[in-house]
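**Student:** Here it is, the structure, as structure tokens.
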Amino acid sequence: MSAESGRILTALETQVLDLVEEEVARRTNLRSRAMLERVSKLYEIPIERLVKDTAGLEGAFCKGILKSKQRCLKKPKENGYCGFHQCQAPGYKPDASPQEHTHVPAPWD
């Protein structure tokens, strides 16, 4: 086995490890989402509030909330939000560009 093939194997192992870690994080998020929904119903706390309050705990996913009132599973870019949910970030100000933003603030903001 040459040194080059050893480097390829290491790169492949790194890719596999990254995929496994990503899947573990995704499954953990799904379980925590189910738990938040249960707590929301049990204590009559808005699910949106629970999702926002616990968003920083995992850190591997966007802090944004989908229309289905569940946490976004995309990777965060800036301020803990993915590109699509930047408008939900605290202190968000739309640019003065001609692009139209149709985001309506959520009632918990």
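**Student:** Between a residue in segment 28-41 that is on the phi < 0 side of the Ramachandran plot and any residue that is at pLDDT 85 or above, which pairs come within a Cβ distance under 8 Å, given they are 6 or more apart or on different chains?
**Tutor:** 39/45; 40/46
**Student:** Within segment 32-41, does at least one residue satisfy the condition of being polar (S, T, N, Q), part of a helix (DSSP H, G or I), farther than 26 Å from residue 89 by Cα and modelled with pLDDT of 85 or more?
**Tutor:** No, that holds for no residue.
**Student:** Could you tell me whether residue 75 is over 19 Å from residue 25 (Cβ atoms) and either modelled with pLDDT under 80 or surrounded by fewer than 15 Cβ atoms within 10 Å (Cβ to Cβ) (or both)?
**Tutor:** no
**Student:** Using the structure shown, decide if residue 23 is exposed (fewer than 13 other Cβ atoms within 10 Å of the Cβ), part of a helix (DSSP H, G or I), acidic (Asp, Glu) and at pLDDT 85 or above.
**Tutor:** In short, yes.
**Student:** Quick one: how many residues across segment 51-70 are at pLDDT below 80 and under 12 Å from residue 88 (Cα atoms)?
**Tutor:** 1
The values are calculated or read from the model by the stated rules, or taken from the named source; none is laboratory data. Keep in mind the model is a prediction, meaning the values are calculated, not measured. With ideal geometry, Cβ positions are generated from the backbone for all residues, glycine too; neighbour counts draw on all protein chains shown.
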